[in-house]
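S.K.: The structure follows.
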Amino acid sequence: MDQDDLKLLRELLTESRVLTLALVDGGAPVAGLMPFLAAPDLAALYVHGSRLAKHTRALGAGGPFSAVIHRPDRPELDPLQLPRLMLEGEVQPVDERAVAELEARWIARFPMAAVTIQLGDFTFHRLEIRTGRLIAGFARAFGVGQRALAEAALAPR
């Protein structure tokens, strides 16, 4: 991966606001579209969802997840060329000591979420990234692990 690819990786993780999240619930697949926030080191993502939603209920600690983040599609683009990031990892609970800071960062990114932060059925979950694949364009696909995420977090903006 060169500096442009690392920049794209960072942009997808820090400028995109929603991801498609795939989980397993009772042996059956379930997917949802969720807002997310990247950890400062890009090693994990945070999601905040209502326990009333089926996909949020599937966010059990230690459970596997798969996610896709991509740039928006437009009619003039080849949809197979859209820059995208596919991720896999494990769901982890959020450390209670980090919740206040996480809430502040979440509201800064999603001001309208100030309401849902106060609702008892909404909770944060940490998506620990284990591996991924960055598709940067035609014949430009790269494996993504913790090293690439750390490099992307430090790459020049």
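Since every read-out is calculated from the coordinates, none of them should be taken as a lab result. A quick note: this is a predicted structure, and the numbers were derived from the prediction, not measured. Using ideal geometry, Cβ is built from the backbone for each residue, glycine included, and neighbour counts are taken over all protein chains shown.
S.K.: Report, in degrees rounded to the nearest 10, the 0 to 90 angle that the Cα long axis of helix 99-109 makes with the longest principal axis of the chain.
M.R.: Helix 99-109 and the main axis of the chain meet at about 50 degrees.
S.K.: Roughly speaking, what is the centre-to-centre gap between region 78-133 and region 1-28 when only Cα atoms are used, to the nearest Å?
M.R.: Centre-to-centre distance over Cα atoms comes out at 11 Å.
S.K.: Amide H to amide H, which residues 5 or more places from LEU59 or on other chains are under 5 Å from it, using H placed in the peptide plane?
M.R.: Those qualifying (amide H under 5 Å, at least 5 residues apart or on another chain) number zero.
S.K.: Next up: Before rounding to the nearest 500, sum -39500 (n - 2.57) across all DSSP H runs of length at least 4 in the chain and divide by the residue total; then give [θ] at 222 nm in deg cm²/dmol.
M.R.: Numbers: 5 runs with 40 residues, N = 157.
Mean residue ellipticity at 222 nm (helix-derived): -7000 deg cm²/dmol.
S.K.: How would ARG140, ARG17, ARG157, ARG84 line up from fewest to most surrounding beta-carbon atoms within 10 angstrom?
M.R.: Ordered from fewest to most neighbouring Cβ atoms within 10 Å, ARG140, ARG17, ARG157, ARG84 come out as ARG157, ARG17, ARG140, ARG84.
S.K.: Karplus couplings for region 19-30 from phi (6.51 cos²θ - 1.76 cosθ + 1.60, θ = phi - 60°), rounded to Hz, Gly and Pro as x?
M.R.: Going residue by residue, I get 9, 9, 10, 10, 9, 10, 10, x, x, 10, x, 9 Hz, with x marking Gly and Pro.
S.K.: Using each residue's phi in region 74-80, evaluate 6.51 cos²θ - 1.76 cosθ + 1.60 at θ = phi - 60° and report the 3J(HN,Hα) Karplus result to the nearest Hz, with x for Gly and Pro.
M.R.: 9, x, 7, 9, 7, x, 6
S.K.: Calculate how steeply helix 3-14 sits against the longest principal axis of the alpha-carbon atoms of the chain, using the helix alpha-carbon long axis, and give the answer as 0 to 90 degrees to the nearest 10.
M.R.: Rounded to the nearest ten degrees, it is 20.
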